[in-house]
Amino acid sequence: MRTNRVRGHHLQWLIPVIIVLLVALMMHLFLGRRLSQIPEVHPVDGVLDITEVDLSEKVVNVSNNWDFYPNALYTSADFANGVGNNSQEANSTVDSEPKYGTHRLIVKAHPNQYYTLCSYSIDYSTRVIVNGVEAANFGIVADSAAESVPRIGYMTISLYSGETGEIEIIYQYANFVHRDGGFIQPTYLSTPQNIEEFKAHNDLVSLSLSGGLLVLFLYFLLCSVLQRRCSFLLLSICCLMMAFRDQNFLVVHALPPDTSWYLAYRLFMAVTALLPGMVLLLFGSMYPSAIKKLPVILHTAAMGIAAVLIAVLPTVWLVTVCTVAWSCALLYLVYLIWGVVRYYLKEKIFQMTDALTVGGAAVLILSILLEATYVNHSSVVSHYGIMPGGMLIFDLLIAMSISLRSKAQEEALAESRSRSELLERMNAMNLDFLHQVAHELKTPLTVISGYAQLTGLQMSTGHISNETPENLKVIRNEALRLADMVNNLMEYTYGRTTEAQFATVEVGPLLESTRAICTPMCLKNSNRVDTHNENCVAVYGSWEMLLQVFINLVVNANRHTQNGVITISASDQECREYVVFRVEDSGSGIDDKILPHIFEKGYSGDGGNGLGLAICREAVEAHGGNLKVERTGPEGTVFAFTVLKREAEP
């Protein structure tokens with residue numbers, strides 16, 4: 001039954017998790033569908049003919065088959081004068097990556113038509129010339145590092161085919177700050193209205209994903225402050241870095257337009273280089289007992305060194321630093337997988353929180369590996385990344401895992417506090433019980449003292465009679481009874497513990513200990529204590545707590561019984577999973593007005609402290625059972641409670 005309850009509890013969490021993930025997946029597919037369905041058109045020998053292409057309903061991606069002139073900055077006038085048109089210069093190759101150059105494309109369209117071209121500027125400074133007129137300028141393009149100023153941005157270029165239907169597009173670029181560069185980014189062409197809708201769609205993708213990650217950053221940062229959890233802090237940092245991983249969001253929307261290219265580029269490279277390592281630190285924080293401190297320190301130190309190098313090295317080395325940082329992260333990933341697998345094999349426990357954590361980590365790690373594979377082969381991946389989508393799913397799953405872990409810890413803490421408070425009250429009741437027993441010890445001591453004084457007086461005066469041996473016999477019997485009471489109390493006191501230890505409890509010895517402890521106390525009202533267990537099976541619980549329950553119930557029964565019998569019994573035949581215990585007396589019963597309130601704390605109908613029965617109920621409920629008044633009346637009262645059998649323990 002307990003297993004079914006646990007499965008039901010996990011299912012309650014699993015259903016909303018699945019719903020949220022499905023919604024996130026559907027949104028991602030919907031937002032990314034349009035970008036993946038854009039057809040590609042291919043220029044031939046630097047000429048793109050779109051006269052047969054219907055652009056009224058679609059956007060096309062112009063492939064990079066433009067004429068290329070390395071180490072030259074040509075204008076429309078140069079080409080009009082015949083420079084490069086009839087030579088081997090176009091599309092020629094050089095031994096190394098050219099630091100500057102010119103890309104040229106001739107578009108043949110219908111006459112007097114308006115078009116729009118949009119794309120990222122060429123890394124890392126770009127000048128765009130359309131039909132001899134400068135249309136856009138990002139940074140300063142020059143043939144020397146001293147004069148060139150890098151800058152990147154998202155550009156939208158208006159095109160008009162004119163009477164001839166021919167459009168000349170020239171890209172000049174300069175790159176003195178990076179080993180690679182000079183290649184044309186994905187270039188999209190269509191009517192102005194279609195391009196505006198296309199840009200709005202791309203902005204929606206960037207703003208919804210990166211904006212959502214920024215909201216999660218603030219939320220998890222607040223959680224880390226309030227709950228003081230390192231995992232929440234790392235999660236917030238990862239969300240912030242993932243939001244900036246989208247270069248479109250970082251450059252176009254997040255940073256001011258006049259931001260230095262060097263600052264923007266270093267920031268973007270720092271995010272790209274450190275993000276995998278930060279994610280792995282977050283994943284490792286979920287399993288502190290599965291990994292050692294030294295690898296964590298080394299990994300963190302490697303990330304710190306990479307951050308410093310990105311801040312101080314020339315930009316030409318930043319990609320190399322990024323590659324090394326990713327390699328270090330890959331080594332740490334292997335160590336993490338090994339440590340987590342070893343942890344689960346050792347603990348042999350895999351709960352719902354573990355499934356959420358491992359599932360989220362698997363999704364994110366897969367997105368990291370995919371991005372590492374395609375980042376150098378796809379401009380879309382290099383600018384937008386694959387990780388942010390994986391991070392969003394990872395955030396949802398990890399946040400649920402952390403919340404479940406926190407809830408479990410809070411419940412365990414609350415249960416521990418509840419048990420501690422219960423034990424404190426039980427200790428108070430036990431002290432009260434010991435005071436009562438100490439009072440009962442005075443009776444045999446008084447008898448012994450009185451008869452000893454009488455016998456001593458008789459012996460001193462020489463009036464020894466037949467009563468003297470009887471007096472000595474009474475003294476002996478009372479001494480034996482006193483010794484028996486002291487022995488029972490010593491066994492009870494030395495057997496106490498400060499914490500409740502749940503284990504197998506044999507019913508017979510438990511009932512016999514109760515009888516031995518309570519019998520002297522019940523003699524004051526001339527009551528007898530009997531036990532019946534009929535070889536009852538063992539139960540699962542705390543000896544200390546169950547003994548206190550019996551003592552409280554017997555003390556309560558003795559208070560309302562004169563010259564009667566108090567019977568303690570146990571039965572394992574009435575319930576399949578529980579043993580039923582009863583404490584039955586032959587006293588006056590419980591008044592009907594008092595009966596509904598007897599388990600309330602502080603309520604007493606006979607001048608007591610009103611805690612005994614309340615503590616009994618709490619102790620029984622801590623064992624998963626129930627305490628109730630089974631019967632009461634002029635012929636006596638029966639209290640019954642249940643405790644799990646040993647084979648039914650949770």
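Taking the range 567-588 as the range and being basic (Lys, Arg) and not in a loop (DSSP other than H, G, I, E, B) as the test, only Arg582 passes. The single condition among (1) buried (at least 20 other Cβ atoms within 10 Å of the Cβ); (2) out of contact with any Lys or Arg (no Cβ under 6 Å at 6 or more places or on another chain); (3) not aliphatic (A, V, I, L, M) that Trp261 does not meet is (2).
Could you tell me which of the residues Val279, Val271, Val316, Val308 is in a helix (DSSP H, G or I), within 18 Å of Met241 (Cβ to Cβ) and touching a residue at least 60 places away in the same chain (Cβ under 8 Å)? Just a single option satisfies the conditions, and that option is Val279. The residue that is farthest from Leu48 (Cα to Cα), among those in the range 126-169 that are open to solvent by less than 10 Å² (accessible area, probe 1.4 Å) and touching a helix residue (DSSP H, G or I) at 6+ places or on another chain (Cβ under 8 Å), is Gly153.
The set of residues in the range 300-316 that are surrounded by 14 or more Cβ atoms within 10 Å (Cβ to Cβ) and at pLDDT below 90 contains only Thr315.
Residues checked against (1) in contact with a helix residue (DSSP H, G or I) (Cβ under 8 Å, 6 or more places away or on another chain); (2) aromatic (Phe, Trp, Tyr); (3) free of Cβ contacts under 8 Å to residues at least 12 places away in the same chain; (4) in a helix (DSSP H, G or I):
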site	(1), (2), (3), (4)
Leu218	yes, no, no, yes
Leu226	no, no, yes, yes
Ile237	yes, no, no, yes
Pro288	no, no, yes, no
Gly304	no, no, yes, yes
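Residue count for the range 527-561 under the criterion of being assigned to a loop (DSSP other than H, G, I, E, B), open to solvent by 10 Å² or more (accessible area, probe 1.4 Å) and modelled with pLDDT of 90 or more: the result is 2. Exactly one residue out of Leu345, Leu396, Leu336, Leu366 is open to solvent by less than 50 Å² (accessible area, probe 1.4 Å), in a helix (DSSP H, G or I), at pLDDT 75 or above and not acidic (Asp, Glu), and it is Leu336.
The residue that is most open to solvent (accessible area, probe 1.4 Å), counting only those in the range 609-648 that are among the small types (Gly, Ala, Ser), modelled with pLDDT of 85 or more and outside any loop (DSSP other than H, G, I, E, B), is Ala622.
Yes or no: the range 351-358 includes at least one residue that is touching a residue at least 60 places away in the same chain (Cβ under 8 Å), in a helix (DSSP H, G or I), over 18 Å from the mean Cα position of the chain (by Cα) and surrounded by 15 or more Cβ atoms within 10 Å (Cβ to Cβ). No, every residue in the range 351-358 fails to be touching a residue at least 60 places away in the same chain (Cβ under 8 Å), in a helix (DSSP H, G or I), over 18 Å from the mean Cα position of the chain (by Cα) and surrounded by 15 or more Cβ atoms within 10 Å (Cβ to Cβ). When residues in the range 562-586 are screened for being more than 22 Å from Arg646 (Cα to Cα) and either of a type in the set (D, E, K, R) or surrounded by 22 or more Cβ atoms within 10 Å (Cβ to Cβ) (or both), 3 of them pass. For the range 413-461, filtered to residues that are among the acidic types (Asp, Glu) and at pLDDT 70 or above, the residue that is nearest to Arg559 (Cα to Cα) is Glu424.
Scan the range 509-526 for residues that are within 11 Å of Thr567 (Cβ to Cβ) and modelled with pLDDT of 90 or more and the total you get is 1.
The values are calculated or read from the model by the stated rules, or taken from the named source; none is laboratory data. The shown structure was predicted, so the numbers you read here are calculated from the model rather than taken from an experiment. Glycine gets a Cβ as well: all are built from the backbone with ideal geometry, and neighbour counts include every protein chain shown. Note: areas computed on protein heavy atoms with side chains; ligands, DNA, RNA excluded. Shrake-Rupley method; radii C 1.70, N 1.55, O 1.52, S 1.80 Å.
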